[in-house]
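The values are calculated or read from the model by the stated rules, or taken from the named source; none is laboratory data. Since the model is a prediction, treat every value here as computed from it, not as a measurement. Here the Cβ positions follow ideal geometry from the backbone for every residue, glycine too, while neighbour counts run over all protein chains shown. Surface areas here come from the heavy atoms of the whole protein model, side chains and all, with no ligands, DNA or RNA. Shrake-Rupley method; radii C 1.70, N 1.55, O 1.52, S 1.80 Å.
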Amino acid sequence: MSHEPDIISRINTLYSHLRDAEQKIARLVLDDMSFAAQASISELAERAGVSEATITRFAKAIECKNVRDLKMRLAQAEAVGQRFYTDVRPEPGGIYSVYETIKTTLDHNAQLVTEAVIRPAVEWLSKSRQILIFGVGGGSTVMAQECQHRFFRLGFAATAYSDPMLMRMAASAIDSNDVVLCLSLGGYSPDVQEAAEIAKEYGARTIGITVADSPLGKLVDQLIPMQPLETDYIFKPSASRYVMLAAIDVLATELAAKHKRRSREALRRIKHTLDTHKRGQDRLPLGD
């Protein structure tokens, strides 16, 4: 089992059921997790104003095996990041800071996506029998679907997969003329990585839009690099989504330009069908 119990939620849930002395320890742990994770039993007892035996009882009361187990779980919880346990100050600039962060992140990443990076990826996609797009999670799942929408309307056979089992199945049934496009905002995506390894085993080429110095970034045959610029303001969605979307748009644009006749005819058919259905203005976004 890879899931580790959330010790902080457990302490909060069981707090009202703890004895008074045990609640003192709970408050100490929640107020200074770093100290609680590193301190000895005697140091914890002294700061909380309780006996060492109470520390042991507290560990068992919150369903830890012993104090050592408690300290290990606190250390794991602390690794998540202090910004998730302390009060978060709003960023200056109000709502406009959202736009500024997106622009800053896009400007930084625009320097990474060069023609030398895009050209071989477009060449592989152009010659592929089909394009499989792998992406899981809240961000990359949507991006994989968006990528499929960009490619099929240009006349290319593209299918997005976000279910880990389906990704493995599709990778196993792959052909050496197929290309797998792997998406991950951080590059630490075991499901996508394992599916890409299977695809490579059967001769398919792999392209990744992800972080260069990451497990997935090191695995793929051709990398389109991105660098997330995350802030400590945890309430604002990651601007990395826009970076990945921009990279997908670059790929789609270059792919369409390389195959103008095919792409133009596919887009014309889609436009004709949608205009007949919606009867809107000529310049409405295609496929909105």
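Filtering region 19-52 to residues that are part of a loop (DSSP other than H, G, I, E, B) and either under 16 Å from Val67 (Cα atoms) or touching a residue at least 60 places away in the same chain (Cβ under 8 Å) (or both) leaves Ala39, Ser40, Val50, Ser51. Listed by position, the helices (runs of 4 or more DSSP H) enclosed by region 135-210 that each have at least 3 residues that are closer than 19 Å to Trp124 by Cα, open to solvent by less than 40 Å² (accessible area, probe 1.4 Å) and among the aliphatic types (A, V, I, L, M) are 190-201. Each residue in region 1-26 was checked for being surrounded by 14 or more Cβ atoms within 10 Å (Cβ to Cβ) and at pLDDT 90 or above, and 11 pass. If we scan region 250-271, do we find a residue that is open to solvent by 60 Å² or more (accessible area, probe 1.4 Å) and in contact with a Phe, Trp or Tyr (Cβ under 6 Å, 6 or more places away or on another chain)? No, region 250-271 contains no residue that is open to solvent by 60 Å² or more (accessible area, probe 1.4 Å) and in contact with a Phe, Trp or Tyr (Cβ under 6 Å, 6 or more places away or on another chain). Scanning region 111-150 for residues that are out of contact with any helix residue (DSSP H, G or I) (no Cβ under 7 Å at 6 or more places or on another chain) and of a type outside the set (Val, Ile, Thr) yields a count of 19. Here Asp31 meets the list (1) at pLDDT 90 or above; (2) open to solvent by 40 Å² or more (accessible area, probe 1.4 Å) almost entirely, failing just condition (1). Within region 47-70, none of the residues are open to solvent by 50 Å² or more (accessible area, probe 1.4 Å) and under 30 Å from Lys236 (Cα atoms).
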